[in-house]
Amino acid sequence: MAAEEGKVDPMHQFAIEPIAGTEAWEIAGYNIAFTNSALWMLITTVVLFLFVMGGMKRQLVPGRWQMMVESFTGFIDNMLEANIGKAGRKYVPYVFSLFMFILFANLLGLLPLGVIGLHPFTFTSHFTVTGILAILSFSIVLIVGFWKHGLHFFSLFVPHGTPLPMIPVIAPIEFISFMVRPFSLGLRLFVAMMAGHVLLEVLSSFVIDGTNAGIGFGFLVGLPSFLLMIGICALELLVAGIQAYVFALLTSLYINDAENLH
Amino acid sequence: MPQIAQLAETWSSQFFWLAVFFGITFFLIGMGMVPKIMDTVDQRDSKIADDLAAAKAARDAADEQEEAWRVRENENREKARGIVNAAKADAAAKSEKTIAAAQKRLDKKLDEAEIRIGEARNAALAEIEAVATEAAQDIVQRVAGIKVTKPTAAKAVKETLAHG
């Protein structure tokens, strides 16, 4: 936060800063500096690994931790089975990785680490990241679709029962809606995460500036803002889960299109 | 907005590190660990299903055996009732026979006793006649001084006894 300017910059939290000494790393001319964003990807991966590791005891009668991990895998498994059917099982590793990676990133980014002087960074609030994940999901849909159905996959753009004269009109619309999918998928997560974090930051600036302006403003502005923040924090936890779920759900629905056409 | 302002300088780093860490997540966790966890769940589910099936089979077997036991038990009870009834009938027949035999013996004894009583009475009557005859002879001799022969006296006595 730009404390030296005496005010809170709500966008500063999204700034990507290379961690000291890695600014110049590059591959084939492309910069690959190890940034705070990359650091939080690393943290997410490690925490997720530890979480899933706790579920690897493979006991017949599961403990609490194993039960928790199994309920996540079961959740993804059920979602894929409900949306795709028996063939959905082979996508569990991908959708599980996607869901858990986004979920943990969202939740870790919400940790109140600023209290102890660290700066949590939510890399899912960057459309570079969500966009890449969306394109990845979209590519899987395309690859599976063309692999399984060949050129017949294009029949996806002609819904069942379309009257013949309507096809020239319907097909482009369907095609556009299909091509918009990766954008809507990536932007949804990015916007939801960014909006939540900006809102929290703005409210926190109300708390800080209001309190600094005197006791009266502190009670009038700071306290209500603080109470609102507590509520919005809970809401953000919910949004973190929901957005991860939506991303995984939409991915599974799109894979269903590729797997089963219509 | 840093997402746009920094896009040109950071997109390659974002892409690279996301590929690295999401790759690790996918290959290590998604492909390596998740199938094992799901396998454990499947094993548990199938174990539970097997155990339930075994329990159901055991219960069915128990029901069958109970049914068989019930049938056997009913047969046994029926048999036992037959035996008891036979024993009862046997005992009744035997006691009837015993009672009949006793009755016969008693009847015989009664008849014998009656015969003996009749004989005794006849003997007594003969004795009385004889005594009466002698007494009559004696009385007649003493009162009338007539000697009556025994047959005459006896005849008189008999007539008197017959008339009362």
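Based on alpha-carbon atoms, the Kirkwood radius and the radius of gyration of chain A give Rg/Rh equal to 1.05. Counting only whole DSSP H helices of chain B, the ones at least 15 Å long by C-alpha along their axis and with mean Kyte-Doolittle hydropathy no lower than 0.0 are B:7-24. When the alpha carbon gyration tensor of the range A:1-119 is reduced to an equivalent ellipsoid, the three semi-axes, largest first, read 36, 19, 15 Å.
For the pairing of chain B with chain A, what total accessible surface becomes buried, with a 1.4 angstrom probe, in square angstrom to the nearest 100?
Working: alone 14430 and 14990 Å², together 25510 Å².
Heavy-atom accessible area buried at this interface is about 3900 Å².
Take chain B with all the other protein chains still there, run a 1.4 Å probe, and you get 75 Å² of accessible area per residue. Round to the nearest 10 and give me the degree value, 0 to 90, for the angle of helix A:92-110's Cα axis relative to the longest principal axis of chain A. Value to nearest ten degrees: 20. For the protein assembly as shown, build the charge dipole from Cβ charges (+1 Lys, Arg; -1 Asp, Glu) around the Cα centre, then report which of A:247, B:82, A:159 sits farthest towards its positive end. Highest projection toward the positive end goes to B:82. For chain A, a Gaussian network of Cα nodes joined below 10 Å ranks A:92, A:61, A:52 by mean-square fluctuation, and the top entry is A:61.
Only DSSP H runs of four or more residues enter the estimate; each adds -39500 (n - 2.57), and after division by the residues of chain B the mean residue ellipticity at 222 nm equals -33000 deg cm²/dmol. For the listed peptides A:64-74, A:226-236, a ranking on the average number of other beta carbons within 10 Å per residue, highest first, reads A:64-74, A:226-236.
Could you check how much of the accessible area of the protein assembly as shown is carbon and sulfur, as a whole percent, using a 1.4 Å probe?
Of the solvent-accessible surface of the protein assembly as shown, carbon and sulfur hold 69 percent.
Lys/Arg Cβ at +1, Asp/Glu Cβ at -1, dipole of chain A taken about the Cα centre: which of A:139, A:184, A:76 is farthest positive-ward? Final value for the positive-end residue is A:76. Compared with the dominant principal axis of the Cα atoms in chain A, helix A:167-212 is inclined by about 10°. Build a GNM of chain B with springs between Cα atoms under 10 Å apart, and of B:124, B:57, B:91 the one that fluctuates most is B:124. Legend: mean number of C-beta atoms from other chains within 10 angstrom of residue C-beta atoms, peptide B:42-51, equals 1.
For the range A:1-119, the relative contact order is 17 percent, taking Cα pairs closer than 8 Å that sit 6 or more residues apart in sequence and dividing their mean separation by the residue count. Mean separation of Cα pairs under 8 Å and 6 or more residues apart, divided by the residue count, gives chain A a relative contact order of 23 percent. Taking one quarter of the surface of the C-alpha convex hull of the range A:169-262 gives a mean projected area of 7.9 nm². Extension gain for the segment residue B:79 to residue B:98, taken as residue separation times 0.36 nm less the Cα-Cα distance, is 4.0 nm to one decimal. Approximating the spin labels as points 7 Å out from Cα along Cα→Cβ, the residue A:234-to-residue B:50 distance works out to 4.7 nm. Peptide packing for B:126-133, B:65-72 was compared via the average number of neighbouring C-beta atoms within 10 Å per residue; ordered from the highest value, the list is B:126-133, B:65-72.
Stokes-Einstein D for the range A:95-163 at 10 °C, 1.306 mPa s, Kirkwood Rh over Cα pairs, in µm²/s? Rounded to a whole number, D works out at 105 µm²/s.
The mean number of partner chain beta-carbon atoms within 10 angstrom of a residue's beta-carbon across peptide A:53-64 is 3.
Packing here is the average count of other Cβ atoms within 10 Å per residue, and on that basis the peptides A:14-22, A:37-45, highest first, run A:37-45, A:14-22. Counting only Cβ charges, +1 for Lys and Arg and -1 for Asp and Glu, the dipole size of the protein assembly as shown around its Cα centre is about 2640 debye. Within 10 Å of the Cβ of each residue in A:96-106, the mean number of Cβ atoms contributed by other protein chains is 4.
Distance between the C-alpha centres of the range B:32-70 and the range B:87-164: 101 Å, rounded to the whole angstrom.
Note on the range A:136-180: Cα-Cα pairs beyond 12 Å make up 63% of the total pair count.
When the helices of chain A are scored as -39500 (n - 2.57) per DSSP H run of n ≥ 4 and the total is divided over every residue, the value at 222 nm lands at -22500 deg cm²/dmol. Placing unit charges on each Cβ (+1 for Lys and Arg, -1 for Asp and Glu) gives the protein assembly as shown a dipole about its Cα centre, and among B:92, A:125, B:106 the Cα reaching farthest toward its positive end belongs to B:106.
The values are calculated or read from the model by the stated rules, or taken from the named source; none is laboratory data. These figures come from a predicted structure and were not determined experimentally. With ideal geometry, Cβ positions are generated from the backbone for all residues, glycine too; neighbour counts draw on all protein chains shown. For accessibility, only protein heavy atoms count, side chains too; no ligands or nucleic acids. Shrake-Rupley method; radii C 1.70, N 1.55, O 1.52, S 1.80 Å.
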